[in-house]
Amino acid sequence: MDIWVLGDPELASHEHLLRLVGDILQLAVPEKSWVYSDSPHHYTEGGIEVNVLNDGVPVEVLECGRIARSLLQRLQIDPLRHGGLALGMGLDRLTMLRKGIPDIRLLRDQNVRVQAQMHDLDPWTAVSRLPSIARDISLAVTPGLSEEVLTERMLQAAGDCSGWIEEMRIKGRWQRSDLPAQAIERLGMLPGQENVLLHVVLRDCSRSITTGEANALYADIQAAMHEGVPGAGYRMDLSKA
C-alpha cells in the first residue's frame, strides 16, 4: 500500500517523515519498537527503510522518503511551492506482526477456521489440521449463566487439557417445567435450575486425541459443571473408549 502526501514545501522534511512513520506504526503494530536506515529511491530524497523489531529480530515493513524535487518537476508541480512525502508499506507483514501469524501462507489459506480469523486484528489462534471430536453435554445448572461464564467454568474444569477445547456453544436451554419427569430425574435437576445443552469440540494442534482421552475429558467437564443432585446427570459411557 502506497501513501503520498503533498502539501507546503515545509512538509518535505526528515522530521515530518519520521512522524508519519511513527503514526502509522503506532496504529498498525502498537507497542512494537522500530528502527530505520538509509535506503535511496529514485523517486525520493532522504529515503529510509523501516524495520519493526519482533522479539528483537528486525522485520522490514516499509520504505519511504521525501518526494524528489525532480519528480515534482516532471509532474509540473513547482517544488518551491509544494513538497511532500512518499511511503510504501507491506500490509501482509504488518498484519502478521499485529496478529502474531507465523506463516505468510496462512493469510490466503482457504481453510474455513483460518479464514474466520482474517476479518479482525485479534491475536492469531493456532489452527490444527488434525481431526476433531465433538460431543454434546447436558447439564443441570443455575438459570441464565452466560456463554462466557460457562466457557470459563469449562476451561477450569478441563485443567491441563483446556487447550484441546476448540469450540463451545450453547445448543439449547430448557426450564425444569419444560422437561418430562424422566429427564428431570436423570439430569438430577433441583427446583429452580435449568437444563443447558452444550456442544463442545475438541482438537489438539500437535496430535490426534484418542476416543478414550476425549471421553474422559468430557466426563470430567460434566462432573465439574453439574449443579444438580450429586452423582446424577447424563454420563459418558467410558466403556466405548
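Could you check, for region 213-220, whether at least one of its residues is under 14 Å from Ser162 (Cα atoms), outside any strand (DSSP E or B), at pLDDT 90 or above and hydroxyl-bearing (Ser, Thr, Tyr)?
Yes, there is a match, as at least one residue in region 213-220 is under 14 Å from Ser162 (Cα atoms), outside any strand (DSSP E or B), at pLDDT 90 or above and hydroxyl-bearing (Ser, Thr, Tyr).
Looking at region 97-195, what helices (runs of 4 or more DSSP H) fall wholly within it and have at least 2 residues that are under 18 Å from the mean Cα position of the chain (by Cα)?
112-115, 147-158
Answer yes if at least one residue in region 174-184 is under 21 Å from Gly231 (Cα atoms), surrounded by 15 or more Cβ atoms within 10 Å (Cβ to Cβ) and β-branched (Val, Ile, Thr), and no otherwise.
yes
Could you give me the residue pairs with C-beta distances under 8 Å whose first residue belongs to region 209-232 and is assigned by TED's automatic domain parsing to the domain that holds Ile184, whose second residue is aromatic (Phe, Trp, Tyr) and outside any loop (DSSP other than H, G, I, E, B) wherever it lies, and which are 6+ apart or on separate chains?
Ile209/Trp164; Leu217/Trp164
Residue by residue through region 26-68, note down the ones that are of a type in the set (A, V, I, L, M, F, W, C) and out of contact with any helix residue (DSSP H, G or I) (no Cβ under 8 Å at 6 or more places or on another chain).
Going residue by residue through region 26-68, those that are of a type in the set (A, V, I, L, M, F, W, C) are 27-29, 34-35, 48, 50, 52-53, 57, 59, 61-62, 64, 67-68.
Passing the criteria: Leu27, Val35, Leu53, Val57, Ile67, Ala68.
Regarding region 109-127, can at least one residue be identified that is within 30 Å of Leu27 (Cα to Cα), surrounded by 11 or more Cβ atoms within 10 Å (Cβ to Cβ) and among the hydroxyl-bearing types (Ser, Thr, Tyr)?
Taking every residue of region 109-127 in turn, at least one turns out to be within 30 Å of Leu27 (Cα to Cα), surrounded by 11 or more Cβ atoms within 10 Å (Cβ to Cβ) and among the hydroxyl-bearing types (Ser, Thr, Tyr).
With the condition kept exactly as written, say whether any residue in region 47-59 is surrounded by 12 or more Cβ atoms within 10 Å (Cβ to Cβ), without any contact (Cβ under 8 Å) to a residue 60 or more places away in the chain, small (Gly, Ala, Ser) and in a strand (DSSP E or B).
Among the residues of region 47-59, at least one is surrounded by 12 or more Cβ atoms within 10 Å (Cβ to Cβ), without any contact (Cβ under 8 Å) to a residue 60 or more places away in the chain, small (Gly, Ala, Ser) and in a strand (DSSP E or B), which makes the answer yes.
Test Leu145 against the criterion of being buried (at least 17 other Cβ atoms within 10 Å of the Cβ), touching a Gly at 6+ places or on another chain (Cβ under 8 Å) and over 30 Å from Gln26 (Cβ atoms), and give yes or no.
Criteria not met by Leu145.
In region 75-103, what residues are outside the structural domain of His41 (by TED's automatic domain parsing) and more than 22 Å from Cys64 (Cβ to Cβ)?
Result: Lys99, Gly100, Ile101, Pro102, Asp103.
The values are calculated or read from the model by the stated rules, or taken from the named source; none is laboratory data. Predicted model, so just to flag it, every value in this text is computed and none were measured. Here Cβ is always computed from backbone atoms with ideal geometry, including for glycine, and neighbour counts include all displayed protein chains.
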